[in-house]
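Down below is the structure, laid out as structure tokens.
The values are calculated or read from the model by the stated rules, or taken from the named source; none is laboratory data. Computed from a predicted structure; not experimentally measured. When we count neighbours, we look across all protein chains shown, and the Cβ atoms used for this are built from the backbone with ideal geometry, even at glycine. Just the protein is used for accessible areas: all its heavy atoms, side chains included, with ligands, DNA and RNA removed. Shrake-Rupley method; radii C 1.70, N 1.55, O 1.52, S 1.80 Å.
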Amino acid sequence: MNITEFIILGFGNFGQWQSIIFFIFLVFYIVAMAGNILIVILVAIDQRLHTPMYFFLGNLSCLETCYISNILPKMMVGFLTDENTISFNGCFLQFFCFGLLVATECYLLSVMSYDRYLAICKPLHYATNMNARICIQLAAFSWINGLIAALILLSLMLQLTFCGQNEINHYFCDTLPLIKLSCSDTNLVEFTSFSFTFVFTLPPFILTVTSYIYIIITILRIPSTIGRKKAFSTCSSHLIVVSMFYGAIMIVYLLPKSEALSEVSKVFSLLYTVLPPVANPLIYSLRNKEVKDAMKKISKKFIPFRFYRGQL
């Protein structure tokens, strides 16, 4: 009999801690959604943010909003109720959306690091090398490659037969836990998944690290100590989060698999499913002077209006 639904085991039963863990993830979700949606709105309506850097940040924030919404709500429901089932179609829809968004983010982060490299290390050529047409092409390249990879992997996964156990030992419908439940030959899917992980993580990671190395070398040449510390602090924050994102993906998908490491893999998965949507708005945008000025500008437009309404 073919499987019509799956049971997502998640992190197991934490007993009396279930509600507390739910609240922690709820805070993460609210912070991620509020921060990323705010950035998308600011980038869209403020002319001063219509620059290559904020164009890519707007793409990233839009991606992160969809990314965390694809995984976290279903996981949080599991902490509050015993409703851990997901339909076959719902599971593969979540799988497809995750594949599309994580693959796109891998390339988008490397594009953003390249943009910062040009802005800091090649400022005289920046306007030429990062014009509007090139920005759109780089963003489209990231999204289209993510879409193609996700469609190929989805088509291969849907050719598998699922007729036995239906318990997914993970907190969302991911490739490896689903492959383990298949009754058919999975060699092609495993090879394709491994290949895509390699292509979408290692080259972008190398490009990102290389860009930041050149950026840091350039920063160290800044005469001002204060300017050097500020720039280095920003770049180091970016590099730490990006390294955790790429590193966690490579650990989960490229290293040899074993049952003993399955629980560890779940924890590492949080570093590329939950952490980036929460951290990226804070380290990339909300601390920037331009974004703060845009927020103040919007506040001045709407707060007096609300105050006036309150007096009526």
Within segment 159-173, is even one residue closer than 30 Å to Leu138 by Cβ, in contact (Cβ under 8 Å) with a residue 12 or more places away in the chain and of a type in the set (Val, Ile, Thr)?
-> no
Turns out the helices (runs of 4 or more DSSP H) fully within segment 247-312 with at least 2 residues that are under 30 Å from Glu190 (Cα atoms) and modelled with pLDDT under 80 are 262-273
From the option list Phe200, Phe191, single residue qualifying as assigned to a helix (DSSP H, G or I), aromatic (Phe, Trp, Tyr) and open to solvent by less than 50 Å² (accessible area, probe 1.4 Å) is Phe200
Take the residues of segment 1-31 that are open to solvent by 50 Å² or more (accessible area, probe 1.4 Å) and polar (S, T, N, Q): which is farthest from Pro281 (Cα to Cα)?
-> Asn2
Return yes when Ile148 is part of a helix (DSSP H, G or I) and farther than 30 Å from Glu83 by Cβ and no when it is not.
-> yes
Condition test on Ile120, is it open to solvent by 20 Å² or more (accessible area, probe 1.4 Å) and at pLDDT 95 or above?
-> no
Criterion (among the polar types (S, T, N, Q), over 19 Å from the mean Cα position of the chain (by Cα) and part of a helix (DSSP H, G or I)) met by exactly one of Asn59, Asn70, Asn89 = Asn89
Of Ile144, Ile152, the only residue that is β-branched (Val, Ile, Thr), under 24 Å from the mean Cα position of the chain (by Cα) and open to solvent by less than 80 Å² (accessible area, probe 1.4 Å) is Ile152
Note on Tyr171: of the conditions (1) farther than 26 Å from Gly58 by Cβ; (2) surrounded by fewer than 16 Cβ atoms within 10 Å (Cβ to Cβ); (3) of a type in the set (Phe, Trp, Tyr), unmet is (2)
